[in-house]
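Report on the following structure.
The values are calculated or read from the model by the stated rules, or taken from the named source; none is laboratory data. The model shown is predicted, which means the values in this text are computed figures rather than measured ones. We place every Cβ from the backbone using ideal geometry, glycine too, and count neighbours over all the protein chains shown.
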Amino acid sequence: MRLAVLKERRAGETRVAATPETAKKFIGLGIDVVVESGAGLASGLPDDAYREAGAEIAADAAAALAGARIVLKVRAPLAHGEGEVDELALIPRGALLIGTLEALSNPNRAKLYAEAGIEACSMELLPRITRAQSMDVLSSQANLAGYRAVIEGATAFDKGFPMLMTAAGTIPAANVFIMGAGVAGLQAIATARRLGGRVSATDVRPAAKEEIKSLGAAFVGVEDAEMAQAQTAGGYAKEMSDDYKRRQAEVIAAAVAKADVVVCTALVQGRKAPTLLTEAMVASMKPGSVVVDIAADAGGNCALTVPGELTVTDGGVKILGWQNWPGRIPAAASSLYARNLLTFLSTFWDKDAKAPKLDPADEIVRGVTLTRDGAVVHAQLATAA
């Protein structure tokens, strides 16, 4: 069984789908691991580190994919016309492709995988159940994104986060407002608190209030019947009504005006990120304030976010719209992502056959599988296909 790890070619992607640590463990399962040369360099992992772990180094994508039965990726492989290398065309028919394939926002990809005869698993669709926690790529990457967002927000802020008492006078603690208290938001709260900030946060999900308070932050938000129903069975935030959004905007507007740093983290799976921070709210912020928009990849929570760019408003507010926030801390992000994939494969590994055994009846397998036997099988995509 040959497992290929490709170099990521999509713009701004610095992570890698396997590390020398996980490569060694794959080899322990009886798998032949081949890594495309340079795949780990952006994460601080040279080819020699993979060689020492027992992996083969391939000169290019074609060599790495030759005869591969399992392909590990961070992002979806490039298809025809998306880049210099048509990675999808090089993947052998019948191979198992595992990665964050962004299938819901790019439904045509599943059709391409089916036509190519690839069994594709999109790991961001993993169900939010206890048994799947150690495989949850969204949580592992969001955790790091929340941390990195606060660090970069603190760097962009032209004062300190903690209260600084000196003989020359006192610098007050920064007011940090976190919008969205999922995995990324909770880590942002914890990080901002460690740095000495005065932290408040908001979220529409009913469980968020106690989680926010447990980390020492103040809760800001509308509490009503709609909030009580604002979470899916899978643990994701639902899209809220226009009336709720209006009332929520009124409540948080005052908090935004007082904030020195606002961190936006709200995402709705497979859809454009909701706009939570309006142009008027940004205009109410003090000169020198900072908005950090983790949701920039999905269009952004801030109305003025320009994905991939730093924007400075006429009022002097900095808006950090960087994309791929986990990729801004690539060594840690790759380490956790690679372990997620290792756990997934080892959980469904047939030791006797020395091959993956993905039971379609299993809740985890059913949740992530896009295509099988030349057909789109995922419930959210099969009808459209």
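Can you give me the number of residues within segment 253-270 that are in a loop (DSSP other than H, G, I, E, B), over 18 Å from Leu320 (Cβ atoms) and touching a residue at least 60 places away in the same chain (Cβ under 8 Å)? Can you show your working first?
So in segment 253-270, the residues in a loop (DSSP other than H, G, I, E, B) come out as 259-260, 265-270.
In the following step, the residues that additionally are over 18 Å from Leu320 (Cβ atoms) were identified as 268-270.
Of the ones still in play, those that are also touching a residue at least 60 places away in the same chain (Cβ under 8 Å) are 269-270.
Number of matching residues: 2.
For Ser334, only one of the following conditions fails: (1) under 17 Å from Phe157 (Cα atoms); (2) buried (at least 23 other Cβ atoms within 10 Å of the Cβ); (3) among the hydroxyl-bearing types (Ser, Thr, Tyr). What is its number?
(1)
Could you tell me whether Val16 is in a loop (DSSP other than H, G, I, E, B), surrounded by fewer than 22 Cβ atoms within 10 Å (Cβ to Cβ), aliphatic (A, V, I, L, M) and touching a residue at least 24 places away in the same chain (Cβ under 8 Å)? Lay out the reasoning, then the answer.
Details: in a loop (DSSP other than H, G, I, E, B): yes; surrounded by fewer than 22 Cβ atoms within 10 Å (Cβ to Cβ): no; aliphatic (A, V, I, L, M): yes; touching a residue at least 24 places away in the same chain (Cβ under 8 Å): yes.
No.
Considering every residue within segment 52-70, establish whether at least one is crowded, with 17+ Cβ neighbours inside 10 Å, of a type in the set (Val, Ile, Thr) and under 17 Å from Glu115 (Cα atoms).
no
Condition (residue is touching a residue at least 24 places away in the same chain (Cβ under 8 Å), in contact with an Asp or Glu (Cβ under 6 Å, 6 or more places away or on another chain) and within 16 Å of Leu6 (Cβ to Cβ)) applied to segment 97-104: is it met by at least one residue? First the steps, then the outcome.
Within segment 97-104, the first condition is being touching a residue at least 24 places away in the same chain (Cβ under 8 Å), and the residues that meet it are 97-104.
Now restrict to residues that are in contact with an Asp or Glu (Cβ under 6 Å, 6 or more places away or on another chain): 100.
Narrowing the set further to residues that are within 16 Å of Leu6 (Cβ to Cβ) leaves 100.
Checking segment 97-104: at least one residue is touching a residue at least 24 places away in the same chain (Cβ under 8 Å), in contact with an Asp or Glu (Cβ under 6 Å, 6 or more places away or on another chain) and within 16 Å of Leu6 (Cβ to Cβ).
Output the residue which, of all residues in segment 271-288 that are touching a residue at least 60 places away in the same chain (Cβ under 8 Å) and crowded, with 20+ Cβ neighbours inside 10 Å, is farthest from Val137 (Cα to Cα).
Leu277
Name the one entry in Val150, Val222 that is buried (at least 17 other Cβ atoms within 10 Å of the Cβ) and either within 13 Å of Ala266 (Cα to Cα) or modelled with pLDDT of 95 or more (or both).
On the way: Val222 fails: either within 13 Å of Ala266 (Cα to Cα) or modelled with pLDDT of 95 or more (or both).
That would be Val150, the only listed residue that is buried (at least 17 other Cβ atoms within 10 Å of the Cβ) and either within 13 Å of Ala266 (Cα to Cα) or modelled with pLDDT of 95 or more (or both).
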